[in-house]
Amino acid sequence: METIKQAVKYGVVGLSNTLITMIVIWVMMKGLGCQEGLSNLTGYVAGLLNSFIWNKKWTFKGSSTGWFRGAFRFMVAFGVCYALQYGLVLVLNERLTIDHYYNHLIGMLFYTAINFLANKFYTFKV
């Protein structure tokens, strides 16, 4: 039951990450006239920071992992899960005849599942 509650909280945090990322990108590009690359990078950093803080304090509260160690593990988990997700997308692009955009959606679902598990059992393990 605890894992289901954590998965729901993880989903809520993920939605907030998406919203924060998109708002930061929009403000930087449209409001401040920043370049697309800088806006994108800044937006993703804001989303990752939000994700780390809320997952540490709310989703996986009670974690014995300290802030520095948790942040390091969070980035390792992100990097590994992102690489696996992107690898899956490349394989799907080679083997499936559907529009490649849908392969990215499949990759996002895969990333979300494995990143949740990595955060639960590695980054923020109790």
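The values are calculated or read from the model by the stated rules, or taken from the named source; none is laboratory data. Please read these numbers as outputs of a predicted model, since none were measured by experiment. Neighbour counts are summed over all protein chains in view; Cβ atoms, including those assigned to glycine, are modelled from backbone coordinates with ideal geometry. Heads up: the accessible areas ignore ligands, DNA and RNA and are worked out on the full protein's heavy atoms, side chains in. Shrake-Rupley method; radii C 1.70, N 1.55, O 1.52, S 1.80 Å.
Each residue in region 57-70 was checked for being open to solvent by 20 Å² or more (accessible area, probe 1.4 Å), part of a helix (DSSP H, G or I) and under 19 Å from SER16 (Cα atoms), and 2 of them qualify.
The residues listed here are TRP54, TRP26; of these, the one that is part of a helix (DSSP H, G or I), free of Cβ contacts under 8 Å to residues at least 60 places away in the same chain and under 21 Å from GLU2 (Cα atoms) is TRP54. On inspection, ILE106 does not qualify as farther than 29 Å from LYS125 by Cα, assigned to a helix (DSSP H, G or I) and open to solvent by 50 Å² or more (accessible area, probe 1.4 Å). Taking region 29-47 as the range and being open to solvent by 100 Å² or more (accessible area, probe 1.4 Å) and outside any helix (DSSP H, G or I) as the test, the residues that pass are LEU32, GLN35.
Checked against (1) in contact (Cβ under 8 Å) with a residue 12 or more places away in the chain; (2) not in a helix (DSSP H, G or I), VAL80 passes all but a single condition, namely (2). A Cβ distance below 7 Å, combined with a sequence gap of six or more or placement on separate chains, defines the contacts here; from region 97-124, residues that are within 30 Å of ARG69 (Cβ to Cβ) reach residues that are hydroxyl-bearing (Ser, Thr, Tyr) and open to solvent by less than 90 Å² (accessible area, probe 1.4 Å) in the pairs PHE116/TYR10; THR123/THR65; PHE124/SER63; PHE124/THR65. Please verify whether LYS9 is of a type in the set (D, E, K, R), on the phi < 0 side of the Ramachandran plot and touching a residue at least 12 places away in the same chain (Cβ under 8 Å), treating the condition exactly as stated. When the stated conditions are applied, LYS9 passes them.
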